[in-house]
Structures are given as C-alpha cells and as structure tokens.
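Scroll down for the structure; my scribbles are underneath it.
The values are calculated or read from the model by the stated rules, or taken from the named source; none is laboratory data. Bear in mind that the values here come from a model prediction, so they are computed numbers and not experimental data. In this analysis, Cβ positions are derived from the backbone assuming ideal geometry, glycine residues included, and neighbour counts consider all displayed protein chains. Ligands, DNA and RNA are stripped out before the accessible areas are found, and what is left, the full protein with its side chains, is counted by its heavy atoms. Shrake-Rupley method; radii C 1.70, N 1.55, O 1.52, S 1.80 Å.
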There are 2 protein chains.
Amino acid sequence: MNNTEKARSQMRKGVLEYCILSIIKNNEAYASDILDRLKEAELIVVEGTLYPLLTRLKNDGLLNYRWEESTSGPPRKYYGLTDEGQDFLKELDTAWTELVAAVARTTSSK
Amino acid sequence: MNNTEKARSQMRKGVLEYCILSIIKNNEAYASDILDRLKEAELIVVEGTLYPLLTRLKNDGLLNYRWEESTSGPPRKYYGLTDEGQDFLKELDTAWTELVAAVARTTSSK
DNA sequence: CCCAGTACTTGGCAATGCAAGGTATCATCA
DNA sequence: TGATGATACCTTGCATTGCCAAGTACTGGG
C-alpha cells in the first residue's frame, strides 16, 4: 500500500460510522445493501470491515435489528437506528460539518 | 471519552496529515507554530501527536527542516515541504475533495 | 447429495492519535 | 550564581479500529 492509498483509507476511516448510520437512517438495510450503497458512493468497504462495525454500533445501543427471511439464501439482519442512534447521528452531522469547515480554514490560510 | 468525542477524534485523524502539510506549504513552521495554527482552525492537537507525525513525514521524505536560533528559548526546527511533499499534498487535496463528495452522496441519498 | 450463491462471523495484524513524562536551552532575578 | 519559569523537542505505552483472510451456515438447483 503506498502513501496515498494509506492516507485515503485513513480519511475514510473517520467517516465510515457516519456514512453507515446515514444510510441506515434513510432505510432499514442489511449488510449487503449497505455495501452496495457505499460502493455507489465510491466509498469502498469490505465485509470484514462492515460486520464488526455493525456489531459494535449495535452493542453501543445505536442500532437494533430484526431477522427477515430471504427467498434466495439465509435470513438477513435488517438494521435500523434506535432513538439514541438518531441523536448520535445528529451529532455526527455537526461534527462532520465543523470538520469540513476547519479543514477549509487550514488549507486556505495564507 | 464519550462516543461523540471519539467520533470526532476519529474523523480528525484522517485529515491531520493533510492539514499539517497544508500549513507547512504556506509557510515554513516549527511545531508550536503548527499547533497554534491548528488551534486557530479549531483542530485541536497535542504535542505528543504532532512530534511523531512530523518525524514520520520527514522520514517519508515529504518534509525537511533546518535549525534556527531563537531569542526566547532553545533553537527551533523549521519544517518545509520537499518536492515529493508538494506532490503528495496535491494527491491529498484530491483525496479530500473526493471524500467530501462521497460523504455528501451517502448522507443525502433517499 | 454436492455445488454455487448469499450472509454472517472471527482472529490476527498494522496504523496512528493520545496521555504522560522526560530532557535541554535560555532569560530573569534575587 | 543558581533557582525559576517559559519555551521547545522527544519518547513510551496504550487503545481504537479498519483490513485481510479464512471459516461457518443456510438455501435451492442439477
């Protein structure tokens, strides 16, 4: 992995949680859904990254899930935001907005 | 540290290198300068984070430095960007812009 | 009954910010 | 002259967290 790729994944790291919660806020979703959405947005993530993250968010009380049968394979875990998750997402919104502003200040200073 | 603070520092993490290189690009600077600038931009960073990072960037050939005497204390290490550092910073610019766009896509999808 | 497709899980690794503590230099002032 | 405080630089150990790779389990078709 070269430096640029490293920097990119480092940047991605910071916003993954935020993006995943945002995606789930809009629609209940199971892991493969989420992976697809992230891929559409060009935020590549692999299974081994996503599943543990979903579990962590659930353990933190930000997500819950229900099982749903599938016609094409094993049942799926559909994740949704808890009330706490909604609140947390709002804070992340703020944090992200502020960060973008802070970076802009830094990179444009004379 | 609560969840929000954790998330904030996680987000910050990804852009620190970028911000520091940007600051140095604009003016040669020594560590305390950089800390002040980051603070102005509301990107709080502590010494123990900055020094190892500067050393790493130097070892990667992105920064160089010269010693300069000070009238008020020990000599200072003034850091500047190498050519390679300039190139790398351009790539980070692109990476950051793309990330902001990707996050926007994710958080606004219906 | 095996195989391919879909989902979910787990263990070890590497990167990196952070907290806390340490060393060195210089000016001031009793 | 030697104690003090401010400035500056550096190091160590820790915790978090994404990544990679391999593994388990359920389903339907040939």
Could you check how much of the accessible area of region B:3-108 is carbon and sulfur, as a whole percent, using a 1.4 Å probe?
-> 47
For region B:3-108, report the accessible area per residue in Å² (1.4 Å probe, heavy atoms, rounded to an integer).
-> 52
For label points placed 7 Å from Cα toward Cβ, what is the shortest-first list of nm distances from B:SER70 to its copies?
-> 5.9
Per Stokes-Einstein, at 20 °C and 1.002 mPa s, what whole-number D in µm² s⁻¹ belongs to chain A, with the Kirkwood radius over Cα pairs as the hydrodynamic radius?
-> 139
Amide H partners (placed H, <5 Å) of A:LEU63, local residues excluded | A:LYS58, A:THR82
Could you run the numbers on buried accessible area between B and A, total for both chains, 1.4 angstrom probe, in Å² to the nearest 100?
-> 3400
What a careful reader reports for the chain A Cβ nearest the rotation axis onto chain B, distance rounded to whole angstrom, is A:GLY14, 2
Give a residue-ordered list of calculated ³J(HN,Hα) values for region A:77-86 (Karplus: 6.51 cos²θ - 1.76 cosθ + 1.60, θ = phi - 60°; whole Hz; x for Gly, Pro).
-> 9, 8, 8, x, 7, 7, 4, 4, x, 4
Protein-protein interface of region B:1-47, residues with accessible area decrease of at least 50 Å², isolated chain reference, 1.4 Å probe = B:ASN3, B:THR4, B:ARG8, B:GLN10, B:MET11, B:GLY14, B:ASN26, B:ALA41
Using a ≥ b ≥ c from the Cα gyration tensor of the protein assembly as shown (square roots of the eigenvalues), is it rounded, prolate or oblate, where a/c under 1.5 gives rounded and otherwise the larger of a/b and b/c decides, a/b for prolate?
-> prolate
Could you go through region A:96-106 in sequence order and give the Karplus-derived ³J(HN,Hα) for each residue, using 6.51 cos²θ - 1.76 cosθ + 1.60 with θ = phi - 60°, rounded to whole Hz, and x for Gly and Pro?
-> 5, 4, 5, 5, 4, 5, 5, 5, 4, 4, 5
